[in-house]
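The values are calculated or read from the model by the stated rules, or taken from the named source; none is laboratory data. Everything quoted here is computed from the prediction, not taken from an experiment. Using ideal geometry, Cβ is built from the backbone for each residue, glycine included, and neighbour counts are taken over all protein chains shown.
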Amino acid sequence: DPGDAEVLDVPVVVIGGGQAALATGYHLRRAGMRALEDFVILDDARAAGGAWSHVWESLRLFSPSDHSSLPGWPMPVSKDGFPTAEHVRRYLAAYEERYAFEVRRPVRVTGVTRDEADGRLLVGAADVVLRADAVVSATGTWSRPFWPIRPGAAEFGGLQIHSVSYRNAAEFAGRRVVVVGGGNTAAQVLAEVSTVAETTWVTREPPRFMPDHVDGRALFDVATRRAKALAQGADVVPTGVSALGDIVMVPSVRAARERGVLVAEPMFDHFEPGHVVWADGRRAPADAVIWCTGFRPALDHLRPLRVRNAEGTVDTDGTRSVLEPRLHLVGYGDWTGPASATLVGVGRTAEAAVSEILEALEGRTSCA
Ligand code: FAD
């Protein structure tokens, strides 16, 4: 409900301030739209960088800088190997300055509703409402960490954290740590924590390691070939990235393999005080569990529009919500476009969103 808040009209509102929002801003600007007049980017973070401002200290990209760029302006070369999160954060900060996006921060969008009068979307924040012809939601997943609750969790008595809160291995030194998850985060956290702690790795399915030579560069090439084939309606579409495996063998993970710690157990069944317990009754003492079990898309602000499906995502045609044609989604995961949740891949989805928006805006103007 807009209530007494001031209502401002703006053609396009982008919600989020990470790489997905910035790539969208780039394509809006390229189409001749002006920041603050034709489009506004709202981010609830205090500073630039999106999720890259929050990841663990030792994180490095799994692709070199020349395969980690947003559209228009390449990421500066990182001097010592694959870029750090801080390198990416600085790049994003410089990127938004370069293109003068004037991102509004910190502005949390609390809800998006429809203007009953003409169907435009009302983007609500604490003391302002923006009325927009089109809204791009680019809020990522970082604020919605997911971890399954196991029976007995309340009695466990040890530390439980999600990877979202993991900074470095220091607090786990000398402890018995269970790392949960079969993806890159679990493998990298395990690799680091196992240098100072006794670790047990548990995964729901046996882990799928990629061949050693596959890095972000190779993954991007595979994703690109698939996206092109899909776009051209080719008879034979090459398999996607997931066919190669789930875990990229970055140097720290290869080193963990050499140390023999990269051996996964099945998922445990429940907790008992100080222990994790498997379905067959086997128990392991544990002081801490690090849940590297992923994220869900941060879409709470879209609740009033009732566009979310049973999986918690939004059904889309291109980037446009099937149920709300003024709403577009960029980033999040492959459901918004192949490799859309990567630095190098999000440009393609952002470009598609902007061309769909321009087409709709032109259509509406010419009807008026
Ligand atoms: P975010 O970066 O999360 O940005 C979303 C922004 O929206 C945030 O600033 C948030 O505060 C804001 N926001 C959220 N809700 C609201 C709201 N209601 N109102 C206003 N603002 C809001 N990708 C690669 O390309 N290479 C890699 O090597 C790589 N490694 C990764 C390693 C890890 C551990 C993780 C987690 C991801 C990695 N990724 C990698 C994936 C990907 O690049 C990131 O997930 C990326 O941060 C997604 O960008 P985004 O803009 O969609 O979301």
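Key figures
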quantity: Some residue of the stretch 310-332 being within 12 Å of the ligand (Cβ to nearest atom) and out of contact with any strand residue (DSSP E or B) (no Cβ under 8 Å at 6 or more places or on another chain); calculated: yes
quantity: Hits in the stretch 195-211 - residues which are touching a Lys or Arg at 6+ places or on another chain (Cβ under 7 Å) and either in a loop (DSSP other than H, G, I, E, B) or among the polar types (S, T, N, Q) (or both); calculated: 197
quantity: Close pairs (7 angstrom Cβ cut-off, 6 or more residues apart or separate chains): over 21 Å from residue 58 (Cβ atoms) in the stretch 192-208, in a loop (DSSP other than H, G, I, E, B) and at pLDDT 95 or above anywhere; calculated: 202/267; 202/268; 203/181; 203/182; 203/267; 204/182; 204/267; 205/182
quantity: Qualifying residue in the stretch 75-82 (condition: at pLDDT 95 or above, within 9 Å of the ligand (Cβ to nearest atom) and surrounded by 17 or more Cβ atoms within 10 Å (Cβ to Cβ)); calculated: no
quantity: Filtered residues of the stretch 337-368 (kept if among the β-branched types (Val, Ile, Thr) and either out of contact with any His (no Cβ under 9 Å at 6 or more places or on another chain) or within 18 Å of residue 33 (Cβ to Cβ) (or both)); calculated: 342, 346, 349, 354, 357, 365
quantity: Pairs where the first residue, in the stretch 221-238, is in a helix (DSSP H, G or I) and the second is among the hydroxyl-bearing types (Ser, Thr, Tyr), C-beta under 9 Å, 6+ apart; calculated: 222/239; 223/342; 226/239
quantity: Qualifying residue in the stretch 317-325 (condition: in contact (Cβ under 8 Å) with a residue 60 or more places away in the chain and among the aliphatic types (A, V, I, L, M)); calculated: no
quantity: Options 350, 284, 256; residue that is over 28 Å from residue 242 (Cα atoms), touching a residue at least 60 places away in the same chain (Cβ under 8 Å) and not in a loop (DSSP other than H, G, I, E, B); calculated: 284
quantity: Residue that is touching a Lys or Arg at 6+ places or on another chain (Cβ under 7 Å), within 16 Å of the ligand (Cβ to nearest atom) and in contact (Cβ under 8 Å) with a residue 24 or more places away in the chain, where the choices are 181, 245, 216; calculated: 245
quantity: Residue 265 being under 30 Å from residue 196 (Cβ atoms) and surrounded by fewer than 17 Cβ atoms within 10 Å (Cβ to Cβ); calculated: yes
quantity: Only one of 27, 87 that is surrounded by 16 or more Cβ atoms within 10 Å (Cβ to Cβ), in contact with a helix residue (DSSP H, G or I) (Cβ under 6 Å, 6 or more places away or on another chain) and in a helix (DSSP H, G or I); calculated: 27
quantity: Selection count, the stretch 30-46, where residues are touching a Pro at 6+ places or on another chain (Cβ under 9 Å), part of a loop (DSSP other than H, G, I, E, B) and either within 10 Å of the ligand (Cβ to nearest atom) or within 14 Å of residue 99 (Cβ to Cβ) (or both); calculated: 6
quantity: Residue match in the stretch 124-145 (condition: of a type in the set (Phe, Trp, Tyr) and more than 9 Å from the ligand (Cβ to nearest atom)); calculated: no
